[in-house]
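Please treat every number below as a calculation from the coordinates, not as lab data. Predicted, not measured: the structure shown is a model, and the values here were computed from it. For neighbour counting, all protein chains shown are included, and Cβ atoms are generated from backbone atoms with ideal geometry for every residue, glycine included.
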Amino acid sequence: MEVVFYFDVGCADSHVAAHRVARWTRDLPPASVAVRWVPVARGALAELNRVGNAGARAGVGVRDAGVAPGSPALHEGHPRRGQAVLDVCLESARHGVMLDASTLGDAVAARGVRDAMRLVAVAEGEAVRRRLARALFKVRWGGGSDALEVDLDPAHLAMLSAAFGVDGAFLASPGSARLAAADAELEANARAAFADARAPGVPCFALSRGGELQTMFYGADRLALLDARVRAELAARGGLPYPRPVALDAGSAGELVRRNRWAVGGAQGGQGQGPRVDFFFDLVSPWSYLAFGEVSGPIDALCRAAGVPGGVTFRPVLLGALFKQIGTASVPGAKVDNVNLRRYGMRQDFHDWAQHRGVAGRARLNAKFPFRSSVANRVCCAEPRAVGPLFRAGWEQDVDLGDEAQVERVLVDAGFDGHAAASLVARAKSDPELRRQLEANTADAVAGGICGAPAIRLSGARGISQVWDELTSQVPPPGGAARAYRLGLARSPGLQASRDLGAVTFWGNDRLDAFVWFLVVLARYNAANGKGDGVALWDEQRLIHSFATPDAPFARL
């Protein structure tokens, strides 16, 4: 069994992924899984995904695409650019990765990355390639006191690579055969990532057996899904088990908060409303369905343990209206300019996350997707108890939630009497107050910088602003990210307003674990009154091991 890790030194998400992959690899049973690091110029891979298979066969010049100057989510004018900056800052802190994200989009650094990628491409031997790549990641993104004081110019890169037995003198010879060979290797890697691994971008993990692709995982936050699949493959072959990573899941986080009597508390100078957690969702969103079970169960219990009155508040939104206001496609993925993401992204990702959330035997994509959800969402505004039954009907039983008669039938099956169910649907169709409530929820989400559903937001809690400021200026980690934090806010007025209100939002089904981590960090910070080591243990693994005890260990997920 082999895992191919496709990466680009110029990609901040690849930097976080590389750190996590190296940590994960150490736990694998010897000789059970081969992990191969393959450098891919993400600009070239993006171009291949844009032109599709026909263009790739026609020999589109992917070599000229080189290294993209920045993630598409960070391009000027893109509504998600601010959120992307903040997400990568949070993930670097959560996983103990040094990251000077203030250089995101730096054109000088982007030019140096091309040469850095050439060095990795010509490195001989997997161990040398991996070690050199990690060193170059540190040079590009900041690596703490152990990082060599070098820049991304050819002379310094050649000096660095020499320490790994790689001759980088060819970088100063534009017409050299070795430089041409390095470019050809990067081009071949991009074509293999596109055609063989079906990679939409980097970082990406391709799991194969006997040379045949089994599955692909796109994004650093899919490493948990990769780990689960590798375990399943090893178990099917009778292979050796290996330790499950200790994780700060919502259940263990709730136990940690209760045991230490940590609480988020209300913001000073507030209006007495106290801390609040809002879950924004749309019944038409499969990712909202996948998140609902986690949010309504262990995350709700964690919030209550941390002192959030009433736990999670469920707030339906209209995704169509939200997308229109922020200027993105009405059905994300349907019109995306990326062949592999369009072809393999949504269906496979839904299946993988369903397995991860423990609903694989029940969850299925609705045949009527995308159905009209406005009436069903208004039912949820009127009666929060309807949220669970409607989610399960839409994404487990293939019920068309755009059909009002079927919505009424779901309510009856869930225990509402016939008159109450009919009355709820009738109100959802005609009551202007429910219409205004749904519109207000959507407007609130847009104003807070939310780009889709699901999203979970913490507001009104003591210390949010202080933790944000401390978190984004810690050295280590994430080191130098304070400027990136301000950069992200400047690029997103919605996020700036959210920050000014003392709120923090996590957008996406895959960001629930990050929300759990942040809530624990905030509760612990407030318990220490911002003193001592209240913000010293950002790294999730260090936080876990510092507070696990023999009688109350953390679950291995």
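Students often get this wrong: which residues of the range 231-262 have the backbone nitrogen under 20 Å from the point 7 angstrom along Cα-to-C-beta of residue 362? Counting only backbone N, you get 250-251.
Estimated at 0.36 nm per residue, the fully extended path between residue 324 and residue 26 surpasses their Cα-Cα distance by 102.7 nm. Across q = 0.18, 0.22, 0.24, 0.30 Å⁻¹, the range 284-333 modelled as identical point scatterers on its alpha-carbon atoms has Debye log10 I(q)/I(0) values of -0.69, -0.82, -0.87, -1.08, in the order of the q list.
Tell me, what is the FRET efficiency for residue 313 and residue 111 to the nearest 0.05, using R0 = 60 angstrom and their Cβ-Cβ distance as r? Mind dumping the intermediate values first?
Values: r = 48 Å, r/R0 = 0.80.
So the FRET efficiency works out to roughly 0.80.
Stokes-Einstein diffusion for the range 411-454 at 20 °C, viscosity 1.002 mPa s, with a Kirkwood radius from C-alpha pairs, works out to 174 µm²/s. With each label modelled as a point 7 angstrom along the Cα→C-beta vector, the residue 209-residue 51 pair spans 3.6 nm.
If packing is taken as the average count of other Cβ atoms within 10 Å, what order do 321-328, 84-91, 414-421 fall into, highest mean first? Before the final figure, lay out each step's value.
On the way: 321-328: 16.0, 84-91: 25.4, 414-421: 13.6.
Top to bottom by mean Cβ count within 10 Å: 84-91, 321-328, 414-421.
For the range 344-424, rounded, prolate or oblate, judged on the Cα gyration tensor with a ≥ b ≥ c (square roots of eigenvalues), a/c < 1.5 rounded, else prolate if a/b > b/c? The shape class here is prolate.
What the Cβ-Cβ distance of residue 126 and residue 397 gives, at R0 = 30 Å and to the nearest 0.05, is a FRET efficiency of 0.05. With R₀ fixed at 56 Å, the C-beta to C-beta distance from residue 417 to residue 153 puts the FRET efficiency at about 0.15. 3J(HN,Hα) couplings calculated from phi for the range 416-425 with the Karplus curve 6.51 cos²θ - 1.76 cosθ + 1.60 (θ = phi - 60°) are, in sequence order, 6, 6, x, 5, 5, 5, 5, 5, 4, 5 Hz; Gly and Pro show x.
Working value for the range 385-425: equivalent-ellipsoid semi-axes of 16, 11, 7 Å, each the square root of 5 times a Cα gyration tensor eigenvalue, largest first.
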